[in-house]
Amino acid sequence: MTDLLKTPSANGAGSDTDAAETSEWLEALDAVVANDGPQRAREILTRVVERAQQAGTGPIATLNTPYVNTIAPEDEAPFPVDEAVERSLRSIVRWNAMAIVVRANKVSSELGGHIASFQSLATLYEVGFNHFWHAPGDEHGGDLVYFQGHSAPGNYSRAFLEGRLTEAQLTAFRQEVSQPGGLSSYPHPWLMPDFWQFPTVSLGIGGLTSIYQARFMKYLHARGLAQTEGRKVWAFLGDGEMDEPESMGAISLAGREHLDNLIWVVNCNLQRLDGPVRGNGLIIQELESDFRGAGWNVIKLIWGSRWDPLLAADTDGRLVKVMESCVDGEYQTYKSRNGAYVREHFFGKDPVLLERVAHMSDDEIWLLNRGGHDPQKVYAAYHAAANHTGSPTVILAKTIKGYGMGVSGEGQMITHQAKKMTEGALLQFRDRFELPLSDEQVLRAEFYKPPDDSPEMQYLRARRAALGGSLPARRRKAQPLQVPGLFTFKGQLEGTGEREISTTMAFVRVLAALLRNKQLGRHLVPIVPDESRTFGMEGMFRQIGIYSPVGQRYQPQDAEQLMFYKEDAQGQILEEGITESGSLSSFIAAGTSYSAHGVPMVPFYIYYSMFGYQRVGDLVWAAADSRTRGFLCGGTAGRTTLNGEGLQHEDGHSHVLFSVVPSCRAYDPAFSYELAVIIHEGLRRMLEEQEDVFYYLTLMNENYRHPPMPENAQEGILRGMYLLRESSVADGPQVQLLGSGTILNEVIAGAELLESQFGVGADVWSVTSFTELRRDGIEVERWNMLHPLQEQRQAYVTQCLSGRGGPVVASTDYIRAFADQIRQWVPGRYRVLGTDGFGRSDYRRALRRFFEVDRHYVAVGALKELADTGAIDPAKAKEAIDRYQIDADAPMPTTR
Ligand SMILES: Cc1ncc(C[n+]2csc(CCOP(=O)(O)OP(=O)(O)O)c2C)c(N)n1
Ligand SMILES: [Mg+2]
């Protein structure tokens, strides 16, 4: 990119080894433009560049255009209304947005808030609200707008004028707990479920998820599930935010799939939190080449209309040359000073330009505006973007951070965090935007709403009515879908007999059974990041097809095979390639389709569990925040079960990570029937009850026999544990053994050893979810604390274990913190075994011994607990250690 910036521009900057020859070429080009127009010049130049590259010149940078607006003034769509009313309306929105923050911080600076970002965005938002963004209704399915998170006061301000929020609510900004109807600091579908659709505030997430949203809309359309044509996804992103890898990481997908339903507006106010985004460069030029390279339609919106005459007169390119020679750090400084400063330091770079502006006063120079603050130019850019077909559009709008804040922030380094305005700045703000407020009202930062019959209010209502209603607005529910009975999974409930399969395979069978279901099948969205073969899902390629907007343009290599690689315009699988972030974004788009499109869809996103939460944790939270429904399936999970892949593949902690997400139900099932019961219940809750939950399921790749479902196990499977096997030793010490996932088999084997070799009776419990058990325990404990005089309740874990007798030992394929979650509700002694430490490759048997979670450790653990309670002699534990050849002095696995 730096090279591109250094490339001599069309205006003649840079070195020249033969100026006369260059001049001849340029004159020839000028003649073509004059006689045949710019289009013809473009044709010729394209051919010339091709020829030059064939001749070995190497790449010639063609991705950047000069630092001026992409749309020439004569090509601008004319602004359709009298701008005066809009200006007045916009000024009121600006005022209230600022007042929301200033007033909250008058009470206490504890609450925070941002003023400067929205002040730079106001024109970009208001033109959208007045002319472009449709709410869902009979005529239009509705546009989806990803608003900038920390500019939320701008949305609240408008909603106040539209009569959606009260003055009391504005005053309760960021008081989400203590004030009824208090406004959430940032967009949040849990805190304002009828208002906010997209939780954008973690920077980068909005951009990435908006791309996959646009793609998902095309997918829904192609599959005939929703009519999404004509609907647009708009996303507002900060220029600083573009440095997040998530922001730019999927722009090539948008280009490749021609997502012309996607419009990004990057607010290039040149600043982020600490300082300039590209103090020593030009962020707009940098982004232009990146996006153009990725196949986007790029609209640069740099200069406002007041520059038009100066640019029209710039036939020798001197002005554009100076524009390109300045860096963003300078542009920021200009707008924090005054007209005289701009004259001296900007136009003063070229004496000829100083002459050209000699007739202009300092005030006139100061008023030379930036594109993103000029409604006419913004309208023209939006109009072009909304009518563009064949590729996504990015509008790079140049603005001023803290516009209108004067000494309290305009273009200043500190502006991002400014939450207060000086009295002088408040009065100036009033004067500049011509607000009908007295000095006293200004100093109290009173909210202002013009009378209902004022031109502003009439205009505002008329525009939103024409566009179908208010935005943003969130739909809470879709039509419920009926979930078939549990018998759909008959095969899983009956067990596998002698056949040995993995839970991954069981999952694929459950999914296949669901896909065959007439009502529900269409609503499922299998998502894989290039791991279908790992999970044995390749049979689905042929059966339901892989979505590709262009179908399949090639004869697949395996066309002769039964299960060939089939891409299809109506394909159902989202085969994302190697992008866990992209896959999770598809998961969010599909799992919130009930809300964004009124069409319930159930994503099943299956991936390597190790490349799950720890890789894309923030997106997992975005999914939860968005009230996403669906199933995340961490495949080939477990620190010792995925044995051969070694350290960076073996997941022993994803369950602990998922346990922290409030809307996630996480399970570590051991048997097919458990999986079937859990998935069935999940579907029922998501589709029939319309609960906003998602499930995390770990799936293993170890093959073993799956028994039929024991009677009455269903409730326990869902609540988190049930008794799988009762002790067969009637008189003798007893223990309770807990296990989950594949390690449950080791626990069962451990019970057999205890009974046959030590005469100790062992009950075995299958714990499908330590996390659900903990949730229940916490809830019960809280209730008991707050109801001291009522009969105290018992946690489900306690109910299960009390009265059964003996100490409790748990073993899992996860770190100890996982099973430790339930400690305080386990009656009596509780020993937890787990796989803390770095993974490594070996046979499963060896790994389970290394991490001390195998049957022998289960037995030793149980015997030691019994010894500690005085039920047996400690020598028994020692006997087991010797018998099983355990090296008692081996260092902790965590240190190896
Ligand atoms: C992932 C993440 N990191 C940091 C922040 C804190 N933060 C909020 S806004 C901001 C600066 C944003 O600058 P820019 O994207 O240019 O937006 P502007 O306010 O200038 O429009 C920062 C660092 C965040 N919200 N998310
Ligand atoms: Mg910025």
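Things to note:
- Single residue of G204, G182 found to be within 16 Å of ligand 2 (Cβ to nearest atom), farther than 23 Å from H134 by Cα, open to solvent by less than 20 Å² (accessible area, probe 1.4 Å) and in contact with an Asp or Glu (Cβ under 8 Å, 6 or more places away or on another chain): G204
- V177 vs. criteria more than 16 Å from ligand 1 (Cβ to nearest atom) and among the β-branched types (V, I, T): yes
- In the range 314-328, the residues that are at pLDDT 95 or above reach residues that are among the basic types (K, R) with C-beta atoms within less than 6 angstrom, at least six apart or across chains, in these pairs: V322/K349; D328/R278.
- Residue within the range 96-103 that is at pLDDT 90 or above, touching a Leu at 6+ places or on another chain (Cβ under 6 Å) and under 30 Å from H150 (Cβ atoms) present: yes
- Each residue in the range 69-100 was checked for being touching a Ser or Thr at 6+ places or on another chain (Cβ under 6 Å) and of a type in the set (F, W, Y), and 0 of them qualify.
- Test result for F236, away from ligand 1 (no atom under 15 Å from the Cβ) and in contact (Cβ under 8 Å) with a residue 60 or more places away in the chain: no
- Sole residue being surrounded by fewer than 24 Cβ atoms within 10 Å (Cβ to Cβ) and assigned to a helix (DSSP H, G or I), chosen from A384, A445: A384
- Restricting the range 319-355 to residues that are under 24 Å from K401 (Cα atoms) and in a loop (DSSP other than H, G, I, E, B), the residue that is most open to solvent (accessible area, probe 1.4 Å) is R337.
- Positions within the range 96-120 being hydrophobic (A, V, I, L, M, F, W, C), out of contact with any helix residue (DSSP H, G or I) (no Cβ under 6 Å at 6 or more places or on another chain) and surrounded by 24 or more Cβ atoms within 10 Å (Cβ to Cβ), in sequence order: M98, A99, A104
- Filtered residues of the range 269-280 (kept if more than 10 Å from ligand 1 (Cβ to nearest atom), under 18 Å from E244 (Cβ atoms) and open to solvent by 10 Å² or more (accessible area, probe 1.4 Å)): R278
- Hey, G861 open to solvent by less than 10 Å² (accessible area, probe 1.4 Å), part of a loop (DSSP other than H, G, I, E, B) and on the phi < 0 side of the Ramachandran plot or not: no
- Of all residues in the range 409-438 being of a type in the set (A, V, I, L, M) and part of a helix (DSSP H, G or I), the one that is surrounded by the most Cβ atoms within 10 Å (Cβ to Cβ): L426
- Only one of the listed residues (A810, A846, A817) is under 38 Å from the mean Cα position of the chain (by Cα) and open to solvent by 20 Å² or more (accessible area, probe 1.4 Å). That residue is A817.
- Unmet criterion (only one of (1) out of contact with any Phe, Trp or Tyr (no Cβ under 6 Å at 6 or more places or on another chain); (2) farther than 18 Å from V266 by Cα; (3) of a type outside the set (D, E)) for L353: (1)
- Pairs, first closer than 17 Å to H653 by Cβ and assigned to a loop (DSSP other than H, G, I, E, B) in the range 835-851, second basic (K, R) and open to solvent by less than 70 Å² (accessible area, probe 1.4 Å), C-beta under 7 Å, six or more apart: T835/R639; D836/R816; G839/R639; F851/R639
- Counting only strands (runs of 3 or more DSSP E) that sit wholly inside the range 224-318, those with at least 3 residues that are within 16 Å of ligand 2 (Cβ to nearest atom) are 233-238, 262-268.
- One residue stands out among those in the range 387-407 that are open to solvent by less than 10 Å² (accessible area, probe 1.4 Å) and over 29 Å from the mean Cα position of the chain (by Cα): the one that is nearest to ligand 2 (Cβ to nearest atom), which is M405.
- Pick from the range 167-226, criterion in contact (Cβ under 8 Å) with a residue 40 or more places away in the chain and of a type in the set (D, E), ranking: farthest from D239 (Cα to Cα): E167
- Selection of the range 820-843 for residues being open to solvent by 60 Å² or more (accessible area, probe 1.4 Å) and not charged (D, E, K, R) yields Q824, G828, F838, S841, Y843.
The values are calculated or read from the model by the stated rules, or taken from the named source; none is laboratory data. What you are looking at is a predicted structure, and each value in this text was computed from that prediction instead of being measured. Don't worry about glycine lacking a Cβ; one is built from the backbone with ideal geometry, like all the others, and counts go over all protein chains shown. When the accessible area is computed, the model is the full protein with side chains, heavy atoms only, and any ligands, DNA or RNA have been set aside. Shrake-Rupley method; radii C 1.70, N 1.55, O 1.52, S 1.80 Å.
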